[in-house]
Amino acid sequence: MSALITPELVALDTHLGSEPKDVIRRLAELVVESGRATEIEALYADALAREAKTATGIPGGLAIPHCRSSAVLEPTLALARLSTPVDFGSKDGPADLVFLIAAPEGADQEHLKILAKLARSLMKKDFTTALRDASTAQQIVELVGNVVAPVPVAAGAGAGAHTASAAENSNAGTGPAQIGVKRLVAVTACPTGIAHTYMAADSLVAAAKAVGVDLQVETQGSAGVTPLDPAVIAAADAVIFAVDVDVRGRERFAGKPVINAPVKRGIDEPGRLIEEALAAALNPNARRVSDTVDLGGASEERSEHLGQKLKRALLTGVSYMIPFVAGGGLLIALGFLLGGYEITEVADDVVLNNSLFNLPDGGMLIYLGAVFFKIGALSMGFLVPALAGYIAFAIADRPGIAPGFVAGAVAGFMGAGFLGGIVGGLLAGVVAASFAKLNVPRWLRSLMPVVIIPLIASIVASGLMFVILGGPIALLTVGLGDWLNGMTGASAVILGVILGLMMAFDLGGPVNKVAYAFAVAGLGAASLANQAPWQIMAAVMAAGMVPPLAMALATSIDKKLFSLSERENGKAAWLLGASFISEGAIPFAAADVFRVIPAAMLGAAVTGGLSMAWNITSKAPHGGMFVFFAIDNFLLFVLAIAIGTVVSAFAVVGLKRYAVRKPAVSEAIPVNA
């Protein structure tokens with residue numbers, strides 16, 4: 001296994017720029033210059049994209065930008081000790097020690113464990129002090145090597161050895177609890193699973209130890225997961241989920257008072273999280289993990305309103321459906337690119353009766369076009385079943401998946417389409433959840449989630465679709481399709497404006513997802529004779545690209561109106577917007593919702609209307625500028641986006657300059673001493 005860091009990857013007491021992007025880029029250059037990555041731009045973009053999700057500055061003058069990247073050849077650490085500290089978003093000030101952790105997309109477990117071990121070591125003051133005191137790059141390399149080098153365990157050490165090494169593996173804790181000591185458990189997880197996962201775990205453990213609390217942590221990171229002992233979970237008074245992703249095996253914590261927080265809060269405010277967990281343990285009305293095992297992932301809060309449950313279920317279904325549609329739509333577009341639009345008529349015959357060694361008339365391009373088109377069409381066939389299946393999953397967890405998929409397939413068969421899939425998924429989920437709550441004999445429990453619940457829920461949900469609901473929903477779907485197909489001129493422009501407003505209203509939230517799902521759902525019915533769904537898809541994608549691009553442009557027009565972190569997010573927003581990731585504008589909206597959102601909606605509405613007016617079409621459901629081959633009238637597509645971006649950018653700049661809030665009048669409030 002090659003060294004994680006070499007002297008060439010260390011920059012000591014140097015000025016690398018005044019912003020995080022400057023430091024990250026220089027460190028990325030070091031990685032590439034050392035031969036550990038193939039291209040600077042790819043590594044730099046991946047690291048910036050990760051930085052845009054959550055600031056990587058942590059207390060103690062540290063910053064740990066990190067990412068997985070296809071450009072990285074082997075796990076690598078690059079370190080900069082800055083002569084001029086740079087603000088990476090930590091609450092206690094700028095960072096003078098910056099570590100870029102770069103991992104390949106398919107890094108092996110041993111390397112990932114080493115990276116995790118290094119991340120944990122950064123929480124130790126003696127280690128960071130030694131790094132600051134080192135006089136040469138070689139000393140830095142030796143310090144890191146001493147930390148990540150595996151420590152041999154004597155044979156026969158048995159259980160004691162496992163306990164001693166717990167903090168360096170997946171579970172970190174303070175050891176067996178004493179009588180009267182509060183017991184807590186926690187789960188930490190971050191999107192990349194490299195650094196924050198393990199640093200949050202160690203910060204929580206240290207904070208708990210300081211107040212005499214026994215805390216056991218399960219780290220769900222890239223280095224693997226060792227689940228907490230069920231007995232430890234059972235004995236815990238409360239649980240902390242410091243995560244930015246879903247908790248694996250959430251049902252194990254059923255009934256426990258729970259504190260939910262971003263993983264970075266586990267690093268920045270571990271003591272506060274411990275206090276909140278202890279308070280929740282004593283509060284009979286505290287939020288709890290669902291007390292029904294089969295519904296463990298469905299709801300953490302018993303008081304969740306029906307509307308919130310419905311919204312969560314619909315968004316879950318849409319999020320799981322999108323990969324089927326995105327891949328399928330792009331493959332169909334590639335099929336058209338290679339085989340022409342007539343490929344739809346001959347694709348079945350070509351793929352069944354020809355091969356690489358028996359090419360059809362037209363040669364290799366026709367054959368590959370037919371293959372790509374057919375794979376894409378089959379993938380698109382999962383649109384409604386996947387939507388329904390994962391709506392049911394959101395309501396009833398795993399027992400709802402099978403009946404949801406079946407109900408979705410029935411909806412597709414009957415022509416009920418997208419709307420039928422929603423109804424079928426909701427029915428399947430509700431029926432499955434209802435049966436999961438039944439108190440059945442112990443001998444029957446193991447059969448419930450695997451056989452009985454899927455069987456009964458499939459019969460009820462799909463039966464209702466066949467007998468009662470499918471026909472009326474199919475008529476409604478056909479009517480809606482005919483109405484859309486008949487839209488021309490002013491009415492089509494109005495539809496584009498409405499879709500643009502929806503895409504920018506909540507930037508990836510429920511309203512945005514409804515507009516996007518509406519566009520995606522129609523792609524399966526699009527054809528050369530019926531291009532309205534392709535036009536709607538183009539309008540939605542173009543409008544969704546405007547908010548992040550507009551915020552990026554606005555930060556370039558007048559930097560003084562934006563904070564340092566917003567200016568940094570603005571740099572990343574160029575790429576996010578070009579990729580059709582509307583969420584790239586969320587940091588700006590969160591900081592100034594009443595000026596950013598109206599400005600974003602204005603530009604997105606303009607773009608949506610122009611896209612429909614110019615009859616722009618997109619056969620791809622995602623990808624933005626990078627699926628140019630799937631977009632007809634691509635230059636007009638770019639022009640519509642550019643116009644909307646300029647409108648939104650100047651609108652937000654104008655609102656920030658002139659729509660200034662009046663300062664609030666302070667009132668003295670008596671406080672008891």
*State the number of residues belonging to region 247-259 that are part of a loop (DSSP other than H, G, I, E, B) and within 23 Å of residue 271 (Cα to Cα).*
2
*Looking for whichever is closer than 30 Å to residue 334 by Cβ, in contact with a helix residue (DSSP H, G or I) (Cβ under 8 Å, 6 or more places away or on another chain) and either modelled with pLDDT of 85 or more or open to solvent by less than 20 Å² (accessible area, probe 1.4 Å) (or both) here; the options are 603, 577. Which one fits?*
577
*Can you tell me which residue among 545, 541 is closer than 18 Å to residue 627 by Cα and under 18 Å from the mean Cα position of the chain (by Cα)?*
545
*Might you let me know whether region 361-381 holds any residue that is of a type outside the set (Val, Ile, Thr), closer than 23 Å to residue 476 by Cβ and at pLDDT below 90?*
yes
*Considering only region 382-400, state which residues are surrounded by fewer than 24 Cβ atoms within 10 Å (Cβ to Cβ) and modelled with pLDDT under 85.*
398
*asked:* Give me the strands (runs of 3 or more DSSP E) completely within region 1-101, filtered to those with at least 2 residues that are open to solvent by 10 Å² or more (accessible area, probe 1.4 Å), ordered by residue number.
replied: 10-14, 76-86
_Please verify whether residue 378 is open to solvent by 50 Å² or more (accessible area, probe 1.4 Å), in a helix (DSSP H, G or I) and touching a residue at least 40 places away in the same chain (Cβ under 8 Å), treating the condition exactly as stated._
yes
_Looking only at region 204-251, and only at residues there that are of a type in the set (Ser, Thr, Tyr) and out of contact with any Leu (no Cβ under 6 Å at 6 or more places or on another chain), the one that is most open to solvent (accessible area, probe 1.4 Å)_ = 226
*Do we have residue 475 as buried (at least 19 other Cβ atoms within 10 Å of the Cβ), modelled with pLDDT of 85 or more and either under 16 Å from residue 416 (Cα atoms) or touching a strand residue (DSSP E or B) at 6+ places or on another chain (Cβ under 8 Å) (or both) here?*
no
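Could we say that residue 271 is small (Gly, Ala, Ser), surrounded by fewer than 24 Cβ atoms within 10 Å (Cβ to Cβ) and either touching a Lys or Arg at 6+ places or on another chain (Cβ under 6 Å) or assigned to a loop (DSSP other than H, G, I, E, B) (or both) here?
Spelling it out, it is not the case that residue 271 is small (Gly, Ala, Ser), surrounded by fewer than 24 Cβ atoms within 10 Å (Cβ to Cβ) and either touching a Lys or Arg at 6+ places or on another chain (Cβ under 6 Å) or assigned to a loop (DSSP other than H, G, I, E, B) (or both).
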*asked:* I'd like to verify a number: residues in region 273-294 that are under 20 Å from residue 247 (Cβ atoms) and either at pLDDT 85 or above or not hydrophobic (A, V, I, L, M, F, W, C) (or both), how many?
replied: 12
*Give the residue, chosen from 40, 64, 24, that is in contact (Cβ under 8 Å) with a residue 40 or more places away in the chain and over 20 Å from residue 552 (Cα atoms).*
64
*Within region 557-565, is even one residue under 25 Å from the mean Cα position of the chain (by Cα), surrounded by fewer than 24 Cβ atoms within 10 Å (Cβ to Cβ) and either part of a helix (DSSP H, G or I) or aliphatic (A, V, I, L, M) (or both)?*
yes
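Of all residues in region 418-434, which are over 17 Å from residue 386 (Cβ atoms) and not aliphatic (A, V, I, L, M)?
Passing the criteria: only 434.
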*From the set of residues in region 184-203 that are open to solvent by 10 Å² or more (accessible area, probe 1.4 Å) and part of a loop (DSSP other than H, G, I, E, B), which is modelled with the lowest pLDDT?*
192
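Among the helices (runs of 4 or more DSSP H) lying completely within region 400-464, list those that include at least 2 residues that are touching a helix residue (DSSP H, G or I) at 6+ places or on another chain (Cβ under 9 Å). Walk me through it before giving the result.
Values: elements: 401-413, 417-436, 442-445, 453-464.
Correct list: 401-413, 417-436, 453-464.
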*Filter region 308-351 down to residues that are touching a helix residue (DSSP H, G or I) at 6+ places or on another chain (Cβ under 6 Å), free of Cβ contacts under 8 Å to residues at least 40 places away in the same chain and open to solvent by 50 Å² or more (accessible area, probe 1.4 Å), then give me how many there are.*
1
*Breaking point among (1) without any contact (Cβ under 8 Å) to a residue 60 or more places away in the chain; (2) open to solvent by less than 50 Å² (accessible area, probe 1.4 Å), for residue 413*: (2)
_From 528, 553, 549, residue being outside any helix (DSSP H, G or I) and either basic (Lys, Arg) or on the phi < 0 side of the Ramachandran plot (or both)_ = 528
*Could you list, in sequence order, all residues of region 641-673 that are more than 19 Å from residue 597 (Cβ to Cβ) and at pLDDT 95 or above?*
642, 643
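The values are calculated or read from the model by the stated rules, or taken from the named source; none is laboratory data. Only a predicted model underlies this, so the values are computations on that prediction, with no experimental measurement involved. Cβ: placed from backbone, ideal geometry, glycine included. Neighbour counts: every protein chain shown. Protein only, heavy atoms only, side chains kept; ligands, DNA and RNA dropped before computing areas. Shrake-Rupley method; radii C 1.70, N 1.55, O 1.52, S 1.80 Å.
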